[in-house]
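The values are calculated or read from the model by the stated rules, or taken from the named source; none is laboratory data. Because the structure is a prediction, the values reported are computed rather than measured. Cβ: placed from backbone, ideal geometry, glycine included. Neighbour counts: every protein chain shown.
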Amino acid sequence: MSQALYRKYRPQGWAEVVGQQHVLQTLRNAIAADRVAHAYLFAGPRGTGKTTLARLLAKAVNCLNEDKSKRPCNECDYCRAVSENRFLDLIEIDAASNNGIEDVRELRDKINFAPTQGKYKIYIIDEVHMLSTPAFNALLKTLEEPPPHAIFVLATTEIHKIPATVLSRCQRHEFRRVPVDEIVANLQHIAAAENIQADDDALALIARQSAGGMRDAQSLLDQLSSTGERITMELAQTVLGTATSQTVLDLVASILDGEAARGLEAIHHALDGGVDPRSLARQIVDYLRGLMLIQMGNESQVETTKDIKAKMSAHASALTPADVLRMMRIFNEAATDSRGSWQPSLSLELAFAETLEAPAESAPVTRSTPKQSAKPSASQLTPVVVSTSSEKSGATAPTIPASEIIKVWKSFQAILKKESASNLAALLNSVTAIDVQGNTLVLGFASDVLMSKMKEEEKKRASQLIADALGVTLDIRCEVANARGKVPPHVPQDGMVATAIHQGGEIVDVQE
Ligand SMILES: Nc1ncnc2c1ncn2[C@@H]1O[C@H](COP(=O)(O)OP(=O)(O)O)[C@@H](O)[C@H]1O
Ligand SMILES: [Mg+2]
Ligand SMILES: [Zn+2]
């Protein structure tokens, strides 16, 4: 295979570096004035030019060109040696794989030897935050008294992990994410040089996907060009997985229609097909962001095909901006947090269940008439807590009326969130039906997926919450309730409620 684009296009001179002008200026001035520091710390996101500039510095300090302002000249022996990775006095250490004290000791032993070829020995220590504490201490000793022929460039993506003692010995430079338009220009340049046919909007998509990392952008271009086809928006979206998927459309539609079961089905279908739950959550957030842009009148900023745009416009007008914002927050949490790590799909399922909920401010609603109207807006998608009187269902008399439990139910949220048990909080929040039969609390869930999350431990905790609040200890049983019009078993099959459900209504609260 031919050389990777990001290797081939590594800048060999200052002028080729994109962005990072503040760093460039300082380094160039130092070279011109022969005032190079002995230790630098380059901090910033990956693929933004840290190693590139460290190598340029190595080249420039050893360059043989008489005119200091022309260094690196890329013509002298040393410049060429650095470019071709055969300059003996440039030593690159990857701290991620050599993080031990031995490595730093070895470095300290060797550092006092004069450079083999050039004037300066340059040590680039990449991912320096990975060094162990003893290794850091050993490095510190070296940084305190570096031999005059040594220059250190420490590079890191995680500056907060660098001890202050090390920081204070280094001239520090923060590398920034490269702006999208500068990445696009760079990609256009490479595409032209490599004879790659690429549309500008596709390059813009690549640039945005790389989040300011030039290497990632160049790698994506590489990957897409290897298809041999013209790089169009469509191709880019397909390969990058940013095409608005049917799953996302289905999910949003099911939220609009208040159809929990259909939404969960869409999620599981996607996950079964190998989609990563967090990336699905991100896709949903992206889509919602598009809806928000449309609602704010910035439709032109939404990059997608005409078909999808038409669907988005319909969704955008069916939801209020507040709905969209709330849903974005919920799914964004699922996309970023790791609470579901033991069960990767859980965060997503809970987020979905939560979007079907009323906003937290509102109290649990107890409606007395079945809701027959179709297509509520998302903010009206209040799950209705159901309880049926025991007389009607003919079950054992309840130890405590379900209405008492319904009253305290929402207060559990706050308690659990304080304990950072937000999993259980969201889970309890997704309960659609509550009933008490004798000494047993029957909880209805919208699907068996949600229901199955209520394991023994969760049940115990819920029971404890009820005991704390009401002074009664109940066993807990879970059931699937109100999924697609299914009548919960504890609702009298021939009663008002059942009829309403069969007619497509939501479950209604029934109190004693
Ligand atoms: N600022 C930049 N200007 C031009 N190309 C860059 C820049 N940053 C990164 N690149 C490209 O990405 C590749 C990797 O960059 P590198 O300097 O190794 O990133 P870092 O060390 O910050 O992770 C380079 O070979 C180059 O092709
Ligand atoms: Mg690097
Ligand atoms: Zn030179």
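Taking Asn99 as the residue in question, decide whether it is part of a loop (DSSP other than H, G, I, E, B), within 12 Å of ligand 3 (Cβ to nearest atom) and within 29 Å of Ser210 (Cβ to Cβ).
Criteria not met by Asn99.
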Q.
List the residue pairs whose Cβ atoms are under 6 Å apart, where the first residue sits in the range 425-441 and is touching a residue at least 40 places away in the same chain (Cβ under 8 Å), the second is assigned to a strand (DSSP E or B) and among the hydrophobic types (A, V, I, L, M, F, W, C), and the two are 6 or more positions apart or on different chains.
A. Val431/Leu443; Asp435/Val442
Q: Starting from the range 351-363, keep only residues that are under 13 Å from Val252 (Cα atoms), then list their pairs with residues that are at pLDDT below 55 and aliphatic (A, V, I, L, M) whose Cβ atoms are within a distance under 6 Å, requiring at least 6 positions of separation or different chains.
A: Leu356/Leu381
(Q) Suppose we keep only residues that are in contact (Cβ under 8 Å) with a residue 24 or more places away in the chain and more than 16 Å from ligand 2 (Cβ to nearest atom) within the range 80-97. Which one would you say is nearest to Ile162 (Cα to Cα)? (A) Asp89
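Thr48 - would you say it is in a loop (DSSP other than H, G, I, E, B), within 16 Å of ligand 2 (Cβ to nearest atom) and of a type in the set (Val, Ile, Thr)?
So Thr48 passes the test.
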**Q.** Selected residue (criterion: farthest from Asp109 (Cα to Cα)) from residues of the range 153-166 that are outside any loop (DSSP other than H, G, I, E, B) and at pLDDT below 95
**A.** His160
Q. Which residue, of Lys110, Lys141, Lys161, is of a type outside the set (S, T, N, Q), assigned by TED's automatic domain parsing to the domain that holds Leu24, within 34 Å of the chain's Cα centre (by Cα) and surrounded by fewer than 14 Cβ atoms within 10 Å (Cβ to Cβ)?
A. Lys161
Q: Write out, first by first residue and then by second, each pair whose Cβ atoms fall under 9 Å of each other, whose residues are 6+ apart or on separate chains, and whose first residue, in the range 28-52, is on the phi > 0 side of the Ramachandran plot and not assigned by TED's automatic domain parsing to the domain that holds Val17 while the second is surrounded by 22 or more Cβ atoms within 10 Å (Cβ to Cβ) and in a helix (DSSP H, G or I).
A: none
Q) Only one of (1) more than 15 Å from Ser225 (Cα to Cα); (2) touching a Ser or Thr at 6+ places or on another chain (Cβ under 8 Å); (3) not aliphatic (A, V, I, L, M) is not met by Glu144, so which one is it? A) (2)
**Q.** Filter result (more than 16 Å from ligand 2 (Cβ to nearest atom) and either β-branched (Val, Ile, Thr) or outside the structural domain of Glu145 (by TED's automatic domain parsing) (or both)) within the range 9-27
**A.** Thr26
Q: Out of the residues in the range 187-244 that are under 25 Å from Lys50 (Cβ atoms) and of a type in the set (S, T, N, Q), state the one that is surrounded by the fewest Cβ atoms within 10 Å (Cβ to Cβ).
A: Gln223
(Q) It is to be established whether one or more residues within the range 56-78 are within 7 Å of ligand 1 (Cβ to nearest atom), in a helix (DSSP H, G or I), at pLDDT 95 or above and in the same structural domain as Tyr123 (by TED's automatic domain parsing). (A) no
Q) Which residues, counting only those in the range 54-87, are surrounded by 18 or more Cβ atoms within 10 Å (Cβ to Cβ), aliphatic (A, V, I, L, M) and within 16 Å of ligand 3 (Cβ to nearest atom)? A) Leu56, Leu57, Ala58, Ala60, Val61, Ala81, Val82
(Q) It is to be established whether one or more residues within the range 34-45 are within 13 Å of ligand 1 (Cβ to nearest atom) and among the charged types (D, E, K, R). (A) no
Q: Give the residue that is surrounded by the most Cβ atoms within 10 Å (Cβ to Cβ), with candidates limited to residues of the range 113-127 that are touching a residue at least 60 places away in the same chain (Cβ under 8 Å) and within 19 Å of Leu167 (Cα to Cα).
A: Ile122
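Of everything in the range 245-260 that's surrounded by fewer than 17 Cβ atoms within 10 Å (Cβ to Cβ) and not polar (S, T, N, Q), which residue is modelled with the highest pLDDT?
The selected residue is Leu249.
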